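See structure below.
The values are calculated or read from the model by the stated rules, or taken from the named source; none is laboratory data. Everything numeric in this text was worked out from a predicted model, so none of it was measured. Cβ sites come from the backbone with ideal geometry, for glycine too, and all protein chains shown count toward neighbours.
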Amino acid sequence: MKLYPRQRHRVLQIVTKLIIPFVMLFALYVQFHGDFGPGGGFQAGVIFAAAFVLHGLIFGLQRTRQVITPTALRILMATGVLIYLGTGIISMLLGGNLLDYDLLAHDPVHGQHYGILLVELGVGVTVTAVMISLFYSFSSRR
Amino acid sequence: MELLVIVVLLTFLVAIVIGIIVLRDLLAAVILLGLYSLVAAGIFVVMDAVDVAFTEAAVGCGISTILFLGALSFTRHEQKPRGNDSLVAIAFVVVTGGMLIYGTLDMPFYGDPNSPAQQHPEHTQHYLTKSAGETGIPNVVTSVLASYRGYDTLGETVVVFTAGIAVLSLLGLVRRRPEDEAPEDAPGDVPALSDDDSERHL
């Protein structure tokens, strides 16, 4: 049976397919459970990017580029910063200072909670996109 | 007990660093760098800095190992034999390292009761006792990072964003070869079986 070069790693490919959903789920857990346990946007972004890096290492960069294109990554990089800055500007428009989350909801404590979740989401999106972009640009130069 | 664990882990760190210096095989050195980050993360856990340990394990052990491996694919896996410049290099490294160690002498020691953080306990006490009520978030690290010091974290996010733009503008402008765009046989595809293959396949 003729094997294409990448197909020699059949076991790795199947194990990777099993692992990737759990890596992503763990990243989302770290992202949204960062209020209660250790974790937050930076760590979650890196773990989420690690799932794509694993995919790229095992299935080849071309496949991963089809899953998430470099253009989409550039847009996501900016989106994360805009989510963060947007949260701050919305709180300014509501009459407070920059990043004053108290005004995001009727109850200041709820407002703080929403603000922190949004801000951490922005951090996570930017870090994920930057890490995957780094991986793309380092491993696509041959 | 805690002291013993820290001493053992620090000894590991020194052994790993000596290994990195001595090894000629760059691939092994990269793996040891990842191990260094993992042991450092262990030390942070012992010092109750779980958030820092988490970041160190994910970034130092995971992503930077991958990036080093990517950089290794541009070069050879074996370090060149050292020339006559090694004495100059050692002198330079010793002077730089000495200056760095001299710089850390100004910092308070671990758990020093005379450190500024302990001399003005009202700030730490405020975060530790009031932050859960003020932000509704039990993890003090998260509430300080995202709310009390949200402006700093905005700056950090912009730094990450800027680093991404910088790398893309330096490395991302390489013209892609046509074969990168359209792989002849995408990895993972099942090859077509010819007649003589199918027997063996059964």
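Structure summary
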{"read-out": "Exclusive hit being closer than 30 Å to A:Leu104 by Cβ, outside the structural domain of B:Thr11 (by TED's automatic domain parsing) and free of Cβ contacts under 8 Å to residues at least 24 places away in the same chain, set B:Val95, B:Val88, B:Val144", "value": "B:Val144"}
{"read-out": "Residue match in the stretch B:101-116 (condition: outside any loop (DSSP other than H, G, I, E, B) and within 30 Å of A:Gln112 (Cα to Cα))", "value": "yes"}
{"read-out": "Criterion (within 14 Å of another protein chain (Cβ to nearest Cβ), surrounded by 15 or more Cβ atoms within 10 Å (Cβ to Cβ) and touching a residue at least 40 places away in the same chain (Cβ under 8 Å)) met by exactly one of B:Val45, B:Val52, B:Val30, B:Val59", "value": "B:Val30"}
{"read-out": "Scope the stretch B:1-26; condition surrounded by 13 or more Cβ atoms within 10 Å (Cβ to Cβ) and either touching an Asp or Glu at 6+ places or on another chain (Cβ under 9 Å) or among the aromatic types (Phe, Trp, Tyr) (or both); matching residues", "value": "B:Phe12, B:Leu26"}
{"read-out": "Residue check, A:Gly124 under 15 Å from B:Tyr148 (Cα atoms) and not β-branched (Val, Ile, Thr)", "value": "no"}
{"read-out": "In the stretch A:40-98, the residues that are surrounded by 22 or more Cβ atoms within 10 Å (Cβ to Cβ) and on the phi > 0 side of the Ramachandran plot", "value": "A:Gly40"}
{"read-out": "Within the stretch A:29-142, helices (runs of 4 or more DSSP H) holding 2 or more residues that are at pLDDT below 90 and within 7 Å of another protein chain (Cβ to nearest Cβ)", "value": "A:61-67, A:108-139"}
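Residue-wise test of (1) at the interface with another protein chain (Cβ under 9 Å from one of its Cβ atoms); (2) over 25 Å from the mean Cα position of the chain (by Cα); (3) modelled with pLDDT of 85 or more; (4) buried (at least 17 other Cβ atoms within 10 Å of the Cβ).
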position	(1), (2), (3), (4)
B:Leu154	yes, no, yes, yes
B:Thr157	yes, no, yes, yes
B:Phe161	yes, no, yes, yes
B:Arg175	no, yes, no, no
B:Asp189	yes, yes, no, no
B:Leu193	yes, yes, no, no
B:Asp197	yes, yes, no, no
